[in-house]
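A short write-up of the structure that comes next.
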Amino acid sequence: MTNETPQVLTIAGIDSSGGAGISADLKSFAAQHVYGANVVVALTAQNTLGVQEVLMISPEMIHAQLQSIVDDLRISAVKSGMLGDVVTVEKVADFLKMNEFGTYILDPVMVAKGGAHLLNDKAIVAVKSVLLPLATLITPNIPEAEVLSGVTINDHQDMMKAALKIQKLGAKNVLLKGGHTSAKHVYDYILLADGHHFWMKSTRVDTKRTHGTGDTISAAITAQLALGKDMKTAIISAKAYVDATIRNGIQVGHGHGPLNHQAKVTEVNNPEVLANV
Ligand SMILES: Nc1ncnc2c1ncn2[C@@H]1O[C@H](COP(=O)(O)OP(=O)(O)OP(=O)(O)O)[C@@H](O)[C@H]1O
Ligand SMILES: Cc1ncc(CO)c(N)n1
């Protein structure tokens, strides 16, 4: 007997230590019970201490991988992560325009936890002009939202202002992740296509093991949308999942360790959903 498991695709870079990028995406897809395919645009020699080397895959090989996917699989949602350079960004944009997948999640990955740049300056401009308008959902963290919106973020008002600017650039829905602060609670801000907005509040876990949190939440949202959930439900459920993977840490490496994708999601992982903060 077979069943209709949704098939989703991640287009991103590989992290040799298995914590971020495509590895995090595939683990997250599997935990949400969807089938994950992957198109590799970059190899990174990376561990929990940082990124040591990056090798971009040729545009021809990226094209070949994308073609192989559409020739055979039936993809219902796509996410992109690390894209590196302009050629790759443009290739992905052309691919998305030529194939109607319905759902595209843009995680505008710019800098790794250790500080390495995973998207060059020209590619940032290209992401803004050619990918952002195609996005069903964009999931910037605070520094990425600052770059995309031009708004300096110091408080909740600034997060709302930045999200609105990013939506005006063309992304239908915006999840502005609030992990990059040192406050006792983390607040993620969500602005939906119909103007509805809300906050997700959770208690910050005092840990260095947060390698791949952004990849993991955007992959989990991609999976939940492919399973037919509405945007708000998909985001809240993905947030509970990433919270479980952070809260039930495993000891790997000596720096920013990876998440525990085997973690069970329980009541404690549900974020507080608030209209205003
Ligand atoms: N220490 C923490 N405790 C609890 N939740 C966290 C913590 N750090 C991040 N999160 C949550 O994880 C998710 C990802 O947020 P974050 O802002 O860290 O993304 P990111 O910077 O893109 O991650 P990365 O670059 O590691 O992939 C958000 O929902 C955020 O609230
Ligand atoms: C390959 C890759 N993608 C994304 C990130 C950001 O988490 C990373 N560190 N490495």
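Pairs exceeding a 22 Å alpha-carbon distance, out of Lys79/Lys208; Lys79/Lys239; Lys91/Lys168: Lys79/Lys208; Lys91/Lys168. Residue exposure proxy: Arg247, Arg204, Arg74, ordered by other Cβ atoms within 10 angstrom of their Cβ from fewest to most, comes out as Arg74, Arg204, Arg247. Cα centroid distance between region 24-49 and region 85-159, in Å? Between the Cα centre of region 24-49 and that of region 85-159, the gap is 18 Å. The string of couplings for region 62-70 from the Karplus curve (6.51, -1.76, 1.60, θ = phi - 60°) is 5, 4, 4, 5, 4, 5, 4, 5, 5 Hz, one whole number per residue in order, with x for Gly and Pro.
Please list, by residue number, every one of the GluC sites (Glu not before Pro) in region 1-104 that is coil in DSSP and has at most 15 other beta-carbon atoms within 10 Å.
Working: sites: Glu4, Glu53, Glu60, Glu90, Glu100; in loops: Glu4, Glu100.
Qualifying residues, ordered by number: Glu4, Glu100.
Per-residue ellipticity at 222 nm from helix content only, as computed over the chain with -39500 (n - 2.57) for each DSSP H run of at least four residues, stands at -11000 deg cm²/dmol.
Rounded to the nearest 5, the antiparallel percentage of DSSP beta bridges internal to the chain is 45%. The 3J(HN,Hα) values that the Karplus relation (6.51, -1.76, 1.60; θ = phi - 60°) gives for region 173-183 are, in residue order, 10, 10, 10, 9, 6, x, x, 7, 9, 10, 5 Hz. Gly and Pro appear as x. The residues packed around Val87, meaning those with a beta-carbon under 13 Å from its beta-carbon, carry a net charge of -2 if Lys and Arg are +1 and Asp and Glu are -1. Under 5 Å between amide hydrogens, built in the peptide plane, is the criterion, and for Lys113 it picks out nothing among residues at least 5 positions away or on other chains. Here the contact order of the chain, divided by its residue count and restricted to Cα pairs under 8 Å and six or more residues apart, works out to 19 percent.
Within 9 Å, Cβ to Cβ, of Asn270, how many net charges do the neighbouring residues add up to if Lys/Arg are +1 and Asp/Glu are -1? Mind showing how you got there, number by number?
On the way: positive: Lys239; negative: Asp243, Glu267, Glu272.
Local net charge: -2.
Scanning residues 5 or more positions from Thr48 or on other chains, those with amide H under 5 Å from its amide H are His254, Gly255, with H placed 1.01 Å from N in the peptide plane.
Taking 20 Å as the straight-line reach from the Cα of Lys97, the aspartates and glutamates in range (excluding those fewer than 8 positions away in the same chain) are Glu60, Asp71, Asp72, Asp85, Asp107. Put in order of Cβ neighbour count within 10 Å, fewest first, the listed residues Ser68, Ser23, Ser76 become Ser68, Ser76, Ser23. Of all aspartates and glutamates in the structure, those lying under 17 Å Cα to Cα from Lys161, and not within fewer than 8 positions of it along the same chain, are Glu144, Glu146, Asp188, Asp194.
Bear in mind these aren't lab numbers, they're just calculated from the coordinates by the rules spelled out. Computed from a prediction, not measured in an experiment: that's the story for all the values here. Cβ coordinates were reconstructed from backbone atoms using ideal geometry, including for glycine residues, and neighbour counts include every protein chain displayed.
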